[in-house]
Amino acid sequence: MIESIGADEVAGYDLSAEERAALADGDLDALFRLGANPYLIRRVFRRRFAL
Amino acid sequence: MATIVAAAMTSHAPNITATPAAAPEQRGHFLAGLAEMRKRLAAARPDVVVMFVNDHVQNFFYDNLPAFCVGVGARHWAPRGAADFLKIPSRQLPGAVDFGKALLKAGLDAGFDLAVSHELEFWDDVSVPAHFLMPEGTLPIVPVLTNCVAPPLPTPQRSWQLGGFVRRFIDARPVGERVALLGTGGISHWIGVPNTGHINPEWDRWVLDQVRDGHGEALAELSFDDIERDGGNGGQEIRNWIAVLGALPGVKGEVLTYEPVKEWLTGCGAAWMQL
């Protein structure tokens, strides 16, 4: 189960600059606002949640 | 004809097993409820368990995302890839191939077009309840999955209808199987959203009250927005409970346990239907 994501892993995907920045920064609120599935946010960035 | 000999619902959450040292008092209370459920399930001597559950984007991704799917495999991983995280040894639970394929065919004939999978891997959705309720791993299961995590979702009303269809299928079976129904998921939880970890015990208790009083229709009348507001995005899994209730309209339930467990990020309840 992956728990982080790097810039190289999303290099080939059609993402906006804002989306790339949110992924790179692990900006959970921005990812949610941009429409990422919450379960995927939780899975990939599990360690960034306070809980 | 086959007979429904047991029906129950329970929450699932990965931290129930992943962080066993967290919330020891609440864990004890919740697991005592599951222990009672296990005892009753064993006493009912089912031949097969129809499990209403949901994927967590481990089997189905956005390239192919069914609203409903029945698993017809001879075995189901529960768990596999998530075993280390869940702290549950990887294992396979037996499937019920003939039952599952007959359910698929009956659905197509009745206008309930289920997707089908011959290979499924489960996370906490099946693995955690099965770990406590069916630790022997010998009871065949037929998983019926509902998309509860990637909107747009099927309506709760459709889940109620799904349960009704499964009930009619069981009633019409030419084989005299003893069938148990088990729905897992919910109750309230907010996962992967800005207010992750929020729980709404008031809504959870309202849900359990409807189960206790045999008012499953009240849950089926909820909208996506109702559930999202009061139960969170994780509360959308209540569709799996609604499917069980749709198979047993008017039947009252007994709440075996309820604990709003902050450490598990979930309002955790379990109920047994009084057949």
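The values are calculated or read from the model by the stated rules, or taken from the named source; none is laboratory data. Treat the numbers as computed from the prediction; the structure is a model and nothing was measured. Please note: Cβ atoms are built from the backbone with ideal geometry, for glycine as well, and neighbour counts cover all protein chains shown. Only protein heavy atoms, including side chains, enter the accessible area calculation; ligands, DNA and RNA are left aside. Shrake-Rupley method; radii C 1.70, N 1.55, O 1.52, S 1.80 Å.
Where does chain B land at 222 nm, in deg cm²/dmol rounded to the nearest 500, when only DSSP H runs of n ≥ 4 count, each adding -39500 (n - 2.57), divided by all residues? Display every interim value, and only then the final one.
Numbers: 10 runs with 109 residues, N = 275.
Value at 222 nm, helices only: -12000 deg cm²/dmol.
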Chain B, accessible area per residue, ligands and nucleic acids excluded (1.4 Å, Å²):
37 Å²
Considering Cα pairs under 8 angstrom that are at least six residues apart, work out the relative contact order of region B:141-246 and quote it in whole percent.
46 percent
What are the ³J(HN,Hα) couplings of region B:227-233, residue after residue, when phi is run through the Karplus curve with 6.51, -1.76, 1.60 and θ = phi - 60°? Round to Hz, x for glycine and proline.
5, 4, 6, 9, x, x, 5
Calculate log10 I(q)/I(0) of the protein assembly as shown for q = 0.11 Å⁻¹, where I(q) comes from the Debye formula with a single equal point scatterer on each Cα and nothing for solvent.
-0.65
How about region B:145-182: which of its residues lose at least 20 Å² of accessible area in the presence of all protein chains relative to their chain isolated, using a 1.4 Å probe?
B:Val149
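Could you please state how large a percent of the accessible area of the protein assembly as shown is carbon and sulfur, counting protein chains only and using a 1.4 Å probe? Walk me through the numbers on the way to the answer.
Details: 7000 of 13390 Å².
The nonpolar share, carbon plus sulfur, comes to 52 percent.
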Between region B:149-165 and region B:221-255, what's the alpha-carbon centroid distance in Å?
10 Å
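Evaluate the relative contact order of chain B (contact order divided by residue number), counting alpha-carbon pairs under 8 angstrom at least 6 apart; express in whole percent. The partial results should precede the final answer.
Numbers: 658 pairs, mean separation 83.9, N = 275.
This gives 31 percent for chain B.
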Interchain or long-range residues, amide H under 5 Å from B:Phe122's placed H:
B:Trp77, B:Ala78, B:Arg80
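Given just the C-alpha atoms of chain B, how large is their convex hull per residue in cubic angstrom?
Details: hull volume 30.6 nm³, N = 275.
In chain B, the Cα convex hull volume per residue is 111 Å³.
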Whole-Hz Karplus ³J(HN,Hα) for region B:161-166, in order, using 6.51 cos²θ - 1.76 cosθ + 1.60 and θ = phi - 60°, x for Gly and Pro?
5, 4, x, x, 4, 4
Over chain A, what relative contact order in percent results from Cα pairs under 8 Å that are six or more residues apart?
44 percent
Round to the nearest 0.05 the FRET efficiency obtained for A:Ala21 and B:Ala21 when R0 = 35 Å and r is the Cβ-Cβ distance.
0.40
q = 0.13, 0.30 Å⁻¹: log10 I(q)/I(0) that the Debye formula gives for chain A, counting C-alpha atoms only
-0.27, -1.38
Area hidden from solvent between A and B (accessible, protein heavy atoms only, 1.4 Å, total, Å²):
1600 Å²
Residues in region A:14-51 that, when all protein chains are in place, have 30 Å² or more less accessible area than the chain alone would give (probe 1.4 Å)
A:Asp29, A:Phe32, A:Asn37, A:Pro38, A:Tyr39, A:Leu40, A:Arg42, A:Arg43, A:Arg46, A:Phe49, A:Leu51
